[in-house]
Amino acid sequence: AFSQLPDNSIAPDWTGTDLNGNSHHLYAYLDSGYTVFLDVSATWCQPCWNYHNSHAFANLYNQYGPGTTENKVRLFMIEGDPTTTVQATSNSWGNWVAGTPYPIIDDANIADDLDIGYFPTIYKICPNRIITEVGQLTTSQLWNSVSSCKNAEHPTDAALLPLVDKLRGCANRPMDLVT
């Protein structure tokens, strides 16, 4: 059974290559202080196409993304269906690339890592790596949601520390977790 990542969990890291051949690393953007929005869609999905045509992501990118005065967000469309190839057009609702200023990444592995259960799934990932499903918001609603990202208050806040696979004690030995 599919289930979404729970809100307020740690986003899994990924690196993806967009349709123009540029590589993008999620944690590198987050570590640089950006809030990242993901539209995980499938080109055959009509609700995905409808949201894409609302231009909410394009407008947010053009107003607050790279090259703008604000320069606070990064946005990506992730083609999340493993059976859809870049060349596939017969099941597509239209031209997803034309007029899309933000990167499109065709990588279902990213969708798998995010535990996508349905399309479209719209995520906001704060610089502290906390992921929240925000749904199909307007441009202003997406932008206003950036302010809900929590900033670290002290240099030792756990949100600033890198993820580790095992807890370690002072003697650098794995510690047992109490459940």
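The values are calculated or read from the model by the stated rules, or taken from the named source; none is laboratory data. Predicted model only: the values in this text are computed from it and were never measured. Cβ placement follows ideal geometry from the backbone for every residue including glycine, while neighbour counts extend to all protein chains displayed. All accessible areas refer to the heavy atoms of the entire protein, side chains included, with ligands and DNA or RNA removed. Shrake-Rupley method; radii C 1.70, N 1.55, O 1.52, S 1.80 Å.
Observations
- Selection count where residues are open to solvent by less than 20 Å² (accessible area, probe 1.4 Å), part of a strand (DSSP E or B) and hydrophobic (A, V, I, L, M, F, W, C), scope the range 1-57: 4
- Of all the listed residues (ASP39, ASP115, ASP7), the sole one being charged (D, E, K, R), within 21 Å of LEU137 (Cα to Cα) and touching a Cys at 6+ places or on another chain (Cβ under 9 Å) is ASP39.
- Any chance GLY65 is within 19 Å of ILE125 (Cβ to Cβ) and of a type in the set (Gly, Ala, Ser): yes
- Residue in the range 59-77 that is among the small types (Gly, Ala, Ser), surrounded by 13 or more Cβ atoms within 10 Å (Cβ to Cβ) and touching a residue at least 40 places away in the same chain (Cβ under 8 Å) present: no
- Any hit, the range 149-161, residues being out of contact with any Pro (no Cβ under 7 Å at 6 or more places or on another chain), at pLDDT 60 or above and part of a loop (DSSP other than H, G, I, E, B): yes
- Count of the range 128-137 residues, restricted to those that are surrounded by 18 or more Cβ atoms within 10 Å (Cβ to Cβ) and part of a strand (DSSP E or B), is 3.
- Across the range 87-127, the number of residues qualifying as open to solvent by less than 70 Å² (accessible area, probe 1.4 Å), assigned to a loop (DSSP other than H, G, I, E, B) and in contact (Cβ under 8 Å) with a residue 60 or more places away in the chain comes to 10.
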